[in-house]
Every structure is written in C-alpha cells, then in structure tokens.
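This report refers to the structure that appears directly beneath it.
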Amino acid sequence: ALFDSDHVDIYSNTVVLNRDDGIYLDASPYGAVYWNRVSQQDVFSDSYGIAVMGGSHHAVIYSNTLWSNENGIGVQDSDYVDVRENLLYNNETDGIDILGSVGASILENRVRLSRYGLYLDAHTSGASVTQNRICLNEGQDIYNSGTGYTGTDNTCTFTYNWNDSGVSDGCSNQC
C-alpha cells in the first residue's frame, strides 16, 4: 500500500493471496500501475486486485492482468484516472468499479466472468468508456447509475442505464 506518494510507478509485480487489496494507492496522485499480475486477493474482505482511492487523481492503470479476486480494479474518490488495456476475468464481484470519481477514462479493457463487468456508481460523472470488450458477466456487462458519461465502440450484451453514443440499447457491438 502506498499513501500520500506522488508520481510513483508500480510495475512488473506478481501479487497473489493477500488478505486485502493487492496493489493499493491512497492519496497518491499521478501514480502509474502497469504490467502487474494480480490474483486471489481475499474474496471475503471486499478487496480489490488494484485499488486507487482517496484523491489519487490522474493515476494510470494499464496493461495489468487480474483474475480470481473479490473485485478487479477499483477507483474511488479519485478524478481523471485512466484505466486502459487491462485483462480482467473470473473476479467474484466486479471487474472494474468507478465510485465517486469524475472524468475517468476506461479504454480498451477486456472484462469477463464477474458479477458486473463495469460498474459506474451514482456519484460518478463524466466517464469516457471506449472500445472495451465486456462480455459474459453474470449480472450486467455495464451497470451505470452515474451521469454525463460517453461511450463509443464498446462490445457488450447486457447493460443497465447504458447506451453507447448513437445506439439506443446498450453497446455498439454485441458479444
């Protein structure tokens, strides 16, 4: 866990069997988390494979592989975070959570076999969701209760309150 650390890179790690979050940034703006493999974080503690929390604004989470965690990637109360080119599968609850954050960019991720593939909560606004493949999730591929989002060229089947630009029902492409 890193707390109150600016401009930190966390890369090329294998994180397995932690009792809480695998990689955790808190109040750490401009951090970069990339090329990590994170699996089997405690499925009974509501933990994340990668968590970016509490003012870790402008962080970048890219090219990570996360599987068999309680949740894959969580961004909470951190604005303008870039989540891109990650592979997430077989996570118990959610693949990617964006909670209470403004202006997140979710680009070219592959998410499958979770309860929700992408979850945008009611306190999230201005998210840009582009060219993701979010398929085969148990509940919804994309669950949105936020506002002011844009979506382009995503692939999914089941959505709640989500439409890509120019599409009247869900994603531009079906799984």
Just for the range 130-149: of the residues that are open to solvent by less than 50 Å² (accessible area, probe 1.4 Å) and part of a loop (DSSP other than H, G, I, E, B), which one is nearest to I106 (Cα to Cα)? N132
Applying the selection to the range 150-167, what residues are crowded, with 22+ Cβ neighbours inside 10 Å and part of a loop (DSSP other than H, G, I, E, B)? N154, C156, W162, D164
Could you tell me whether any residue of the range 104-122 is at pLDDT below 95 and at positive phi? no
Counted residues in the range 8-26 being under 16 Å from the mean Cα position of the chain (by Cα) and closer than 14 Å to S39 by Cβ come to 3
Taking the range 98-122 and keeping residues in contact with a Leu (Cβ under 9 Å, 6 or more places away or on another chain) and open to solvent by 10 Å² or more (accessible area, probe 1.4 Å) leaves L99, R110, R112, L113, Y119, D121
Before we move on, is N64 closer than 14 Å to D141 by Cα and polar (S, T, N, Q)? no
Please go through the range 1-13 and give me each residue that is over 19 Å from S63 (Cβ atoms), open to solvent by 60 Å² or more (accessible area, probe 1.4 Å) and not hydrophobic (A, V, I, L, M, F, W, C), ordered by number. D4, D6
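The values are calculated or read from the model by the stated rules, or taken from the named source; none is laboratory data. Predicted model, so just to flag it, every value in this text is computed and none were measured. With ideal geometry, Cβ positions are generated from the backbone for all residues, glycine too; neighbour counts draw on all protein chains shown. Only protein heavy atoms, including side chains, enter the accessible area calculation; ligands, DNA and RNA are left aside. Shrake-Rupley method; radii C 1.70, N 1.55, O 1.52, S 1.80 Å.
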